[in-house]
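Please read the structure below before turning to the comments.
The values are calculated or read from the model by the stated rules, or taken from the named source; none is laboratory data. All figures in this text were calculated on a predicted structure; none of them were measured in a lab. Here the Cβ positions follow ideal geometry from the backbone for every residue, glycine too, while neighbour counts run over all protein chains shown. Quick note on the areas: whole protein, heavy atoms, side chains included, nothing else; ligands and nucleic acids left out. Shrake-Rupley method; radii C 1.70, N 1.55, O 1.52, S 1.80 Å.
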Amino acid sequence: ARFYTDLVFPTLYSGLPEDYGRRSLEYLDRRLRVNVPAPETGAALALMRVGELKPNIFGNDNCMPAQMAEAGRAYAALGRSADAHALLHGVALGATLFTEAPGSFPERLGHDGKGEPNYMFGNPIGSYLSGIVDGLFGLRLIEGGRALQVAPALPADWPEAAIEVPYGRLTCRAGTEADGVR
């Protein structure tokens, strides 16, 4: 039985060859990723369970925003931008619209993607924002904060995207190199 950490750590937190991360995410695709109808359109909404330990021990089979956002970062790091975007979309929907407490960023999502306010620990919003800044836009401080690495992983069908954080600004347009980095 696997927990999501086994599958994202090779890409995000180790110096292992990229193939380990790629194969780990392929396993995550097969065993932990699920699709449910999105509440606003009925189209497929990507979710991810955090583990495959049954019965439900400590919520291991729940869909949890922080863990989904971290997996989104791993997908982005390996160039799988559509998968990164799909998981981050599921996180954003469950934390903003499909919940009784919009904007509260719940600790877990129901198996239908609905934000559920049953746990009060962790930092899902921080993980989600990291998934956007570091994952989709690929802005990462390196060399002890003295340099900015830029490696966007935006979905190919986005015509334009821009972000500004205290240490950098990036504008990307379809079919062009990223510009506006400072």
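General remarks:
- Counted residues, region 1-25 - those being in contact with an Asp or Glu (Cβ under 9 Å, 6 or more places away or on another chain) and aromatic (F, W, Y): 2
- Taking the criterion of being of a type in the set (D, E, K, R) and either surrounded by 13 or more Cβ atoms within 10 Å (Cβ to Cβ) or closer than 21 Å to Q67 by Cα (or both), the residues of region 129-163 that qualify are D134, R140.
- Residues of region 108-130 that turn out to be at negative phi and modelled with pLDDT under 75, as a count: 11
- Count of region 26-66 residues which are at pLDDT 90 or above, closer than 16 Å to D6 by Cα and open to solvent by 10 Å² or more (accessible area, probe 1.4 Å): 7
- Conditions (1) open to solvent by 50 Å² or more (accessible area, probe 1.4 Å); (2) closer than 24 Å to A92 by Cβ; (3) more than 18 Å from the chain's Cα centre (by Cα); (4) not polar (S, T, N, Q); number of the one not met by L16: (2)
- E18 touching a residue at least 24 places away in the same chain (Cβ under 8 Å) and acidic (D, E): yes
- One residue stands out among those in region 81-96 that are in contact with an Asp or Glu (Cβ under 9 Å, 6 or more places away or on another chain) and of a type in the set (A, V, I, L, M): the one that is surrounded by the fewest Cβ atoms within 10 Å (Cβ to Cβ), which is A82.
- Count of region 164-182 residues, restricted to those that are open to solvent by less than 90 Å² (accessible area, probe 1.4 Å), farther than 18 Å from L88 by Cβ and either modelled with pLDDT of 85 or more or touching a Ser or Thr at 6+ places or on another chain (Cβ under 8 Å) (or both), is 4.
- Selection of region 1-13 for residues being within 16 Å of A84 (Cα to Cα) and open to solvent by 70 Å² or more (accessible area, probe 1.4 Å) yields only F9.
- Tallying residues that are under 20 Å from R80 (Cβ atoms), part of a strand (DSSP E or B) and among the charged types (D, E, K, R) within region 134-171 yields 1.
- Of the listed requirements (1) closer than 17 Å to I125 by Cβ; (2) out of contact with any strand residue (DSSP E or B) (no Cβ under 8 Å at 6 or more places or on another chain); (3) at pLDDT 90 or above, A71 misses just one: (2).
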